[in-house]
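Single-structure report; data block below.
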Amino acid sequence: EHRRNSREHMVRESHQVRELGASPRESLSFRSGFTALSIAREPRSSNGASDGAVGTGQGCASAGSGATTTTTLFEPGRDGQTPQVVVLVGAPGMGKTAMVRKVMVEWGEGTLHTQFDFVFSIDCKAIVLPMEASVADLVSQCCPGLRVPAGKILDDQKKILFIFDGFEALGFSLVQPEAELSSDPREVKPLELILMSLLKKTVLPKASLLITTRPTALRSLGQCLEGEHYVEILGFSAARREEFFHRYFENPNKADMAFRFARGNEILSSLCVIPVMSWTICTILEQELCGKKNLLECSKATTGMMMFYLSQLLQHRDRDNPQVLQQFLLQLCSLAADGIWKHKVLFEEKEIKDFGLDQPGLLHFFLNERIPKEGEDHGSVYAFTHLHLQEFFAAMFYVLEDDRVMVSSLGRFEKDINKLLESYSKSRKDLNITVRFLFGLVSQKSIEYMDKTIGCRISPRARKELLEWFQGRHRGLSHPGQALKVSEMDTFHFLFEMNEKSFTQSALGHFTDVDLQDTKLTLYDQMALSFCIQHWAGLGCVTLQGCSFLWQDPEAELDASVPFALALLRREELPCPIHLLCRALRHRDSALQVLRLQWCRLSESCCAELAALVAEHPGLACLELGDSSLGDSGVRLLCEGLRSPGCRLRVLR
């Protein structure tokens with residue numbers, strides 16, 4: 001009864017605290033809201049963190065990793081021994097605290113971890129120093145309503161689990177004289193000595209420990225522990241990402257819509273491996289869905305989601321000294337850009353210091369630390385939590401207002417946005433995502449958001465330079481005397497990322513043709529293309545030769561049970577594959593005269609949209625549909641459009 005009562009009391013708070021990823025609405029219970037994470041288990045180590053337990057943090061699960069429940073935390077290791085000390089390692093936002101809460105809930109319900117009679121969770125971020133206490137006092141403070149005297153609880157050490165959540169937040173020196181550590185759970189000493197006594201097991205040596213930490217604190221933690229097991233959180237697997245979206249949204253149709261929207265954008269899809277990024281994306285898409293019934297006109301491009309994520313990271317950082325934060329961000333962006341130029345994702349300790357980033361209070365929010373393996377003679381190496389985050393900060397480097405020349409490890413590193421753009425045009429196609437973020441950052445909405453929310457000013461000069469490069473690039477691709485045409489899909493991605501009508505009109509004002517060949521147009525591609533067409537008054541000819549229009553998610557094509565319900569439509573009401581294209585071509589100022597869709601394998605389902613287009617468009621004179629399978633009924637639909645009084649078509653192939 002004592003055990004049950006203590007469980008009920010200790011998990012009460014866990015039930016009240018909303019888990020990572022819960023929506024702003026009334027949350028589901030923690031059990032139904034938790035999504036399993038992928039982990040990598042490391043063997044017991046006598047050297048603490050020096051066994052190389054933590055990888056580079058690029059969000060890729062290793063072959064030996066898998067989705068975990070909390071049952072695996074205290075499973076016997078390869079040597080058959082059940083670990084007494086488990087260190088749960090993960091970058092910010094990877095779900096460490098959510099994992100701790102799940103342990104508490106499962107233990108409180110009696111479904112798991114029944115080997116422990118008592119579990120005490122200590123939030124390291126909430127510890128206030130200086131103060132004095134004993135282990136018994138600590139237990140009483142964790143659970144003030146316990147009916148069992150703390151001294152009696154501590155008699156059976158093997159039945160106790162202490163959880164230290166957020167070890168890196170402990171604000172005291174971990175080097176404490178051994179002689180001053182406690183061995184008596186009732187002895188009152190400074191709290192830092194009591195906590196160190198529990199970690200070093202001079203007190204309650206048979207009790208179990210579960211410690212969560214960010215990679216940056218592994219080295220110091222390893223000096224405190226012996227015989228510990230390491231578990232690294234790698235984030236969500238592909239299947240778990242979809243599960244997370246369905247747990248977040250109450251409406252399964254909205255969950256399916258939001259997930260497929262995210263998966264259709266390769267950047268967002270990749271970032272969803274980080275639980276807090278999945279939460280960020282769900283939060284923003286939910287706001288979009290509140291205002292409209294579908295995501296076909298979602299105004300939040302990838303850059304907007306990245307800025308929101310950055311604002312969440314910085315929410316409570318250095319409010320009293322914003323200059324320190326701004327300086328740190330500038331130096332972080334400089335490191336990111338330097339790495340992107342040199343194809344680098346790993347940075348040595350010397351580089352961190354050279355760029356002025358050796359600030360523990362800020363560094364671990366953006367970079368993961370990898371401790372060297374035993375026998376390696378170099379120091380720690382660091383990596384951004386995800387490659388796309390490095391690319392985002394690299395783009396910020398080029399557009400933030402700052403006149404100083406940053407110094408890299410190989411000399412002076414100048415902000416030359418034109419050099420970046422020319423390198424991309426000529427050979428460096430790996431810079432595509434960085435350039436896409438450049439366009440997103442110079443939109444008027446981004447400039448205002450960065451200034452008001454994050455406190456960074458974006459240079460208006462960068463906007464002008466992007467426009468000049470854009471127009472010059474496509475002029476160079478067109479032959480003299482021929483119509484100026486756009487033949488690169490990335491063009492539409494860049495303008496869609498900016499999502500600004502006036503800039504798009506200026507950028508495309510001198511061009512008259514679209515010419516895309518043999519391109520698989522994902523839903524996101526079609527959204528980008530349609531956005532540009534709607535704001536392109538001078539577009540006269542659209543050639544999409546050999547292109548395919550993918551509404552069904554390629555990864556879900558074999559799953560007939562889940563339609564691509566982007567407009568909350570039933571399968572029989574699903575728009576035809578060229579729905580977005582035809583809708584965009586019917587915009588009020590359209591100057592379209594020629595539409596070529598040869599070898600696009602169009603079917604009968606496209607004919608109603610094509611019939612409406614030829615019936616209504618005042619300027620469309622030529623339509624080419626070679627190598628299509630329209631069928632008799634499809635051609636009948638098309639003929640209805642041709643018979644319309646408004647049809648101006650002169651050539652049908």
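The values are calculated or read from the model by the stated rules, or taken from the named source; none is laboratory data. Quantities reported herein were computed from a predicted structural model and do not represent experimental measurements. Cβ placement follows ideal geometry from the backbone for every residue including glycine, while neighbour counts extend to all protein chains displayed. Surface areas here come from the heavy atoms of the whole protein model, side chains and all, with no ligands, DNA or RNA. Shrake-Rupley method; radii C 1.70, N 1.55, O 1.52, S 1.80 Å.
Just give me the residues in region 89-101 being within 24 Å of H386 (Cβ to Cβ) and at pLDDT 80 or above, in sequence order. Before the answer, list the steps.
Filtering region 89-101 for residues within 24 Å of H386 (Cβ to Cβ) gives 89-100.
Correct list: V89, G90, M94, G95, K96, T97, A98, M99, V100.
E640 meets the conditions (1) open to solvent by 60 Å² or more (accessible area, probe 1.4 Å); (2) within 22 Å of V514 (Cβ to Cβ); (3) in contact (Cβ under 8 Å) with a residue 12 or more places away in the chain in every case but one. The failed one is (2). The single condition from (1) buried (at least 22 other Cβ atoms within 10 Å of the Cβ); (2) touching a residue at least 40 places away in the same chain (Cβ under 8 Å) that F259 fails is (2).
So that you can scan it fast, the table gives a plain yes or no per residue for (1) at pLDDT below 95; (2) open to solvent by 30 Å² or more (accessible area, probe 1.4 Å); (3) under 37 Å from the mean Cα position of the chain (by Cα):
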position	(1), (2), (3)
A565	yes, no, yes
H579	yes, yes, yes
L602	yes, no, yes
L610	no, no, no
S629	yes, yes, no
R636	no, yes, no
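The single condition among (1) surrounded by fewer than 23 Cβ atoms within 10 Å (Cβ to Cβ); (2) without any contact (Cβ under 8 Å) to a residue 60 or more places away in the chain; (3) more than 27 Å from N432 (Cβ to Cβ) that E226 does not satisfy is (2). Name the single residue that is farthest from F236 (Cα to Cα) among those in region 66-77 being of a type outside the set (S, T, N, Q) and modelled with pLDDT under 75. Looking at the filtered set, the residue picked out is G77. Considering only residues that are more than 18 Å from L495 (Cβ to Cβ), touching a residue at least 60 places away in the same chain (Cβ under 8 Å) and surrounded by fewer than 19 Cβ atoms within 10 Å (Cβ to Cβ), which ones fall in region 429-453? Matches in region 429-453: D430, T453. What number of residues within region 486-544 are more than 22 Å from L623 (Cα to Cα), of a type in the set (G, A, S) and buried (at least 20 other Cβ atoms within 10 Å of the Cβ)? Residues flagged as more than 22 Å from L623 (Cα to Cα), of a type in the set (G, A, S) and buried (at least 20 other Cβ atoms within 10 Å of the Cβ) within region 486-544 amount to 2.
Contact map, region 204-223: residues that are free of Cβ contacts under 8 Å to residues at least 60 places away in the same chain and open to solvent by 10 Å² or more (accessible area, probe 1.4 Å) paired with residues that are in a loop (DSSP other than H, G, I, E, B) and of a type in the set (A, V, I, L, M), Cβ distance under 7 Å, separation 6+ or inter-chain. Pairs shown: S220/L174. Is it fair to say P252 is without any contact (Cβ under 8 Å) to a residue 60 or more places away in the chain and either surrounded by 24 or more Cβ atoms within 10 Å (Cβ to Cβ) or over 24 Å from L362 (Cα atoms) (or both)? Considered against the rule, which asks whether it is without any contact (Cβ under 8 Å) to a residue 60 or more places away in the chain and either surrounded by 24 or more Cβ atoms within 10 Å (Cβ to Cβ) or over 24 Å from L362 (Cα atoms) (or both), P252 comes out as yes.
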